[in-house]
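The values are calculated or read from the model by the stated rules, or taken from the named source; none is laboratory data. None of these values were measured; they are calculated from a predicted model. A quick note on method: Cβ atoms are made from the backbone with ideal geometry, for glycine too, and the neighbour counts reach across all protein chains shown.
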């Protein structure tokens, strides 16, 4: 009987620690919880969270340039760069870069990288299984409004 009580007590402690961890993560990194996004557009939605469409200003989309592709012994190196007006998005939060082997990025697609800075270049070292990849970049503002870029192709 004491062993069962001990196991229940340990389980309760584990649940409490888990809940505290989730709460802290929500406060520190709310973008991890796309279901509980702040007012404005959710990170993967095109409608406001509060059901209202008044006074929504969408961010300016980035324009991806054709990628630079290098084939090396270790695989393929893809260098992406994009253009966007310097002061186009005063409420800028981050860029999300998506990669897919198909050009129809699904709604639930997970970005391969999030960039919280206004950098305009990034490169990826890909493994030797060289194939064609499609890329797009999404500009996210502080209200989680989003603007998708054009799609570019990186071919070997």
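For the structure I just gave you, tell me whether residue 80 is modelled with pLDDT under 70 and surrounded by 10 or more Cβ atoms within 10 Å (Cβ to Cβ).
Values: modelled with pLDDT under 70: no; surrounded by 10 or more Cβ atoms within 10 Å (Cβ to Cβ): yes.
No.
Quick check on residue 118: is it assigned by TED's automatic domain parsing to the domain that holds residue 89 and modelled with pLDDT under 85?
Spelling it out, residue 118 is indeed assigned by TED's automatic domain parsing to the domain that holds residue 89 and modelled with pLDDT under 85.
Contact list please: Cβ distance under 9 Å, first residue in segment 113-128 and farther than 14 Å from residue 81 by Cα, second residue loosely packed, with under 10 Cβ neighbours inside 10 Å and at pLDDT 75 or above, pairs at least six apart or on different chains.
Once the first residue is farther than 14 Å from residue 81 by Cα and sits in segment 113-128, its partners that are loosely packed, with under 10 Cβ neighbours inside 10 Å and at pLDDT 75 or above give 128/73.
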